[in-house]
Amino acid sequence: MTVCLLLAAVYYFRDDILYYKNIIPFFNALDQNADYNDEKSTEKKNEQSSTSLTDNSDQVLVGDYYSIILKQLMEHKSKITFATTPIEAQGAFDLFPVVCNDHPELFFLSGGATGQVTTVGATTKVDIVPDYIVSLDKIDEMNEALEREVEDIIANAELYESDLEKIKYVHDRIIATCEYDIIASSLYLSENGNPTKNQAYTSYGCLVEKKAVCEGYSRAFQLVMNRLGIECGFVSGAACNSVGDTGRHAWNYVKVDGEYKYCDLTFDDPYTGGAGLIMWDYFCISKEEMGRDHFPDSNQKYP
């Protein structure tokens with residue numbers, strides 16, 4: 001019997017900028033190769049969490065890979081394993097960053113993973129090892145704190161009748177309560193472009209810790225909008241600030257009354273030494289208006 005082992009890795013790096021609220025230049029704050037896992041906790045989870053290919057209850061149907069990955073991430077699996085076909089193996093593996101991008105509630109992940117695709121005869125399996133930035137034993141407690149914040153925002157947003165009013169409330173609420181994290185952004189400079197990952201890039205950092213960079217603002221907005229049943233997505237690319245400096249950035253699209261509009265909560269939160277002021281220059285504007293100084297990545301699909 002011939003055994004063929006194909007090693008593979010997925011990296012979905014975080015993108016952000018040192019956007020000093022229209023005061024100082026942007027800097028690319030892509031971060032990678034940090035590991036916050038509690039090793040002992042991870043080893044224990046590895047023993048308990050892997051899905052067995054011989055367990056009939058875990059048989060995977062073709063096309064179910066996205067759901068399987070999401071389900072096991074929500075269960076905080078330290079290793080995701082499922083069967084596939086040789087033709088679909090890499091495509092299934094590459095769904096991991098797509099799932100992370102679609103679900104901002106996965107604040108405990110960096111968005112990256114390592115793993116392998118193994119083929120033994122006619123059998124192919126995919127192993128994915130997610131990169132956790134939170135110790136597995138802390139996720140539940142942090143998730144409860146995040147849920148409390150989200151539920152409070154939703155309860156107040158639902159007091160408004162129209163989707164536009166709800167969107168504006170969430171936009172204003174996030175900006176009023178979150179402060180831009182200058183320190184997290186400046187790590188790009190101090191760590192040679194590989195800053196240590198932290199919650200400033202996540203919905204948790206924005207909504208619970210009240211400090212975030214542009215990805216955190218965008219993930220928080222995406223999370224609350226989705227919970228309200230309003231279509232919203234995450235856009236990454238580059239942007240140019242008011243003094244002409246261009247760098248990596250993140251923002252959102254949202255569907256309002258059947259039309260897609262764009263929001264940039266970071267640009268609408270002018271740095272003043274603390275939270276408080278709100279602008280609406282980038283609130284629900286058109287694609288053309290946003291395109292004047294925002295440039296999405298060419299490989300990203302968005303409305």
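When Ser162 is tested against (1) of a type outside the set (D, E, K, R); (2) surrounded by fewer than 18 Cβ atoms within 10 Å (Cβ to Cβ); (3) at pLDDT below 95, exactly one condition is not met: (3). Within the stretch 218-239, the set of residues being farther than 17 Å from Asn143 by Cα and in a helix (DSSP H, G or I) comprises Ser218, Met225.
For first residues located in the stretch 97-115 and without any contact (Cβ under 8 Å) to a residue 40 or more places away in the chain and under 14 Å from Tyr132 (Cα atoms), partners that are acidic (Asp, Glu) and in a strand (DSSP E or B) and lie 6+ apart or on another chain with Cβ distances below 8 Å form the pairs Leu109/Asp131.
In the stretch 163-184, the residues that are touching a residue at least 12 places away in the same chain (Cβ under 8 Å) and over 19 Å from Val213 (Cβ atoms) reach residues that are open to solvent by 20 Å² or more (accessible area, probe 1.4 Å) and polar (S, T, N, Q) with C-beta atoms within less than 9 angstrom, at least six apart or across chains, in these pairs: Tyr169/Asn156.
Looking only at residues in the stretch 207-242 that are of a type in the set (Ser, Thr, Tyr) and open to solvent by less than 30 Å² (accessible area, probe 1.4 Å), the one that is modelled with the lowest pLDDT is Ser236. Among the residues of the stretch 175-197, write down those that are closer than 18 Å to Phe221 by Cα and either open to solvent by 40 Å² or more (accessible area, probe 1.4 Å) or at pLDDT below 75 (or both). Matches in the stretch 175-197: Ala176, Thr177, Glu179.
Tell me, yes or no, whether the stretch 243-255 has at least one residue that is surrounded by fewer than 18 Cβ atoms within 10 Å (Cβ to Cβ) and at pLDDT 95 or above. Yes: one or more hits.
For the residues Asp127, Asp131, Asp102, the requirement of being among the charged types (D, E, K, R), buried (at least 17 other Cβ atoms within 10 Å of the Cβ) and within 30 Å of Arg227 (Cβ to Cβ) singles out Asp131.
The values are calculated or read from the model by the stated rules, or taken from the named source; none is laboratory data. None of the values given here were measured: they were computed from a predicted structure. Positions of Cβ are backbone-derived with ideal geometry, glycine not excepted, and every protein chain shown enters the neighbour counts. Please note that ligands, DNA and RNA were not included when accessible areas were found on the heavy atoms of the full protein model with its side chains. Shrake-Rupley method; radii C 1.70, N 1.55, O 1.52, S 1.80 Å.
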